[in-house]
Amino acid sequence: MSTPAPRSRVLALSGGVGGAKLALGLARVLERDALDVVVNTGDDFRHLGLAISPDVDTLLYTLAGLADPVRGWGRCDETWHFMAALERLGGDTWFALGDADLALHVERSRRLAAGETPSAVTADFARRLGIDARIAPMSDDPVRTRVRSDDGWLDFQDYFVRRQCAPVLRELAYEGAGQARASSLLLDPAHDTALRAVVLCPSNPWLSIDPMLALPGVRAALAACPAPVVAVSPLVAGRAVKGPTAKLMRELGLAVDHASIARHYAGLVDALVVDAHEPGLDAGPGPRIVVAPTLMESLADRERLARTVLEAADRLPRKPHRSPAAGAAREARA
């Protein structure tokens with residue numbers, strides 16, 4: 001009787017700088033080609049006639065060793081002659097594009113206009129940058145995160161970059177999500193017996209993870225997945241390391257604590273990795289709480305957290321296979 005192949009593949013859902021950092025840690029501690037990463041594209045937009053995909057690009061640069069360690073976005077050793085020349089001509093400079101970064105946006109835009117899909121373009125960029133992990137946008141169809149604020153509805157980058165998250169946030173919408181087709185990597189977990197774990201990276205749950213969960217069939221596929229689903233809280237010491245997570249939570253009427261993150265992921269994740277224990281966090285139903293350092297300031301930190309997440313997943317029991325259709329029916333009733 002043959003021995004079953006070990007379960008080694010890991011699927012990570014990522015967005016923003018925090019997601020890319022953990023994805024890098026996972027890529028370094030796993031076997032080559034064992035990591036799949038699906039990336040939020042709700043932040044995508046067109047600027048200066050170019051197709052910009054911020055979360056995808058952050059992940060590509062991070063896994064390729066090209067990310068700027070200070071800004072947290074864009075490329076290291078970047079120059080800014082294009083932006084200086086654009087400003088002198090009176091151009092729109094609120095969204096900065098570095099000279100080397102510009103090449104990626106120009107080539108993506110050219111290939112999309114020629115009929116290639118975002119998935120194909122992203123996979124080829126990853127190959128050319130020497131990345132072993134398989135990277136896919138959450139959908140090849142457009143989904144756009146929009147923010148309802150006291151100033152009305154805003155496109156996400158207008159809210160996030162141009163206005164620096166200053167308007168008070170009242171509501172979020174993921175336009176096009178209901179009609180978009182999810183990446184097969186997001187739907188495969190329901191049937192993938194070789195999957196070791198699904199990891200929700202320490203990305204903003206509402207801005208980076210929820211756009212993916214809003215795609216048809218994704219929640220049901222994760223609910224039916226026999227592999228453990230482990231999330232990492234984006235909060236450290238009661239605040240977000242980077243980005244507007246804490247501000248967003250307060251403006252949505254939520255306490256800025258791990259308990260709010262646990263409630264948000266209730267019924268979806270089996271374990272939640274948090275940076276510090278909070279009294280009462282383990283009380284009642286919900287994901288298993290794993291307390292471990294989650295601040296990723298160095299490469300060693302990223303690898304350590306990746307191992308913690310994988311060890312947490314390995315300690316959880318495998319779940320019985322459930323039909324994604326049944327999960328979808330439960331989701332619709334909810």
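Odds and ends about this structure:
- Hey, residue 172 part of a helix (DSSP H, G or I), touching a Lys or Arg at 6+ places or on another chain (Cβ under 9 Å) and modelled with pLDDT of 95 or more or not: no
- The stretch 78-101, residues that are under 22 Å from residue 53 (Cβ atoms), out of contact with any helix residue (DSSP H, G or I) (no Cβ under 8 Å at 6 or more places or on another chain) and of a type in the set (A, V, I, L, M): 83, 86, 100
- Taken over the stretch 200-228, the residue count meeting the criterion of being touching a helix residue (DSSP H, G or I) at 6+ places or on another chain (Cβ under 7 Å) and closer than 17 Å to residue 317 by Cβ is 6.
- Within the stretch 81-116, the set of residues being over 26 Å from the mean Cα position of the chain (by Cα) and under 22 Å from residue 137 (Cβ atoms) comprises 114 only.
- When the stretch 110-155 is filtered for residues that are β-branched (Val, Ile, Thr) and touching a residue at least 40 places away in the same chain (Cβ under 8 Å), the ones remaining, listed by number, are 122, 131, 135, 143, 145.
- Qualifying positions in the stretch 117-138 - under 17 Å from residue 13 (Cα atoms) and either out of contact with any helix residue (DSSP H, G or I) (no Cβ under 8 Å at 6 or more places or on another chain) or modelled with pLDDT under 95 (or both): 119, 123
- Meets criteria (at pLDDT below 85 and in contact with a Ser or Thr (Cβ under 9 Å, 6 or more places away or on another chain)) for residue 321: yes
- Close pairs (8 angstrom Cβ cut-off, 6 or more residues apart or separate chains): more than 21 Å from residue 253 (Cβ to Cβ) in the stretch 156-178, part of a helix (DSSP H, G or I) anywhere: 157/54; 177/211
- Looking across the stretch 130-165, the residues that are closer than 28 Å to residue 218 by Cα, surrounded by 15 or more Cβ atoms within 10 Å (Cβ to Cβ) and hydrophobic (A, V, I, L, M, F, W, C) come down to 131, 133, 135, 136, 138, 143, 147, 154, 156, 160.
- Failed item in (1) surrounded by fewer than 16 Cβ atoms within 10 Å (Cβ to Cβ); (2) touching a Lys or Arg at 6+ places or on another chain (Cβ under 7 Å), with residue 72 passing the rest: (1)
- Reported count of residues in the stretch 269-288, each being modelled with pLDDT under 95 and farther than 13 Å from residue 235 by Cβ, is 9.
- Note on the stretch 202-283: no enclosed helices (runs of 4 or more DSSP H) hold 2 or more residues that are of a type in the set (S, T, N, Q).
- Hey, residue 222 over 16 Å from residue 191 (Cα atoms) and of a type in the set (A, V, I, L, M, F, W, C) or not: no
- Complete set of residues in the stretch 90-129 that are hydrophobic (A, V, I, L, M, F, W, C) and surrounded by 19 or more Cβ atoms within 10 Å (Cβ to Cβ): 97, 104, 121, 125, 126
- Members of the stretch 268-300 that are surrounded by fewer than 16 Cβ atoms within 10 Å (Cβ to Cβ) and under 26 Å from residue 67 (Cβ atoms): 293, 295, 297, 298, 299, 300
- Test for residue 210: is it surrounded by fewer than 20 Cβ atoms within 10 Å (Cβ to Cβ), within 21 Å of residue 235 (Cα to Cα) and either among the acidic types (Asp, Glu) or free of Cβ contacts under 8 Å to residues at least 40 places away in the same chain (or both): yes
- Residue match in the stretch 177-198 (condition: under 23 Å from residue 260 (Cα atoms) and of a type in the set (Ser, Thr, Tyr)): no
The values are calculated or read from the model by the stated rules, or taken from the named source; none is laboratory data. Note that the coordinates shown come from a computational prediction; the quantities given were computed from them, not determined experimentally. Every residue, glycine as well, gets a Cβ built from its backbone with ideal geometry; the counts of neighbours run over all protein chains shown.
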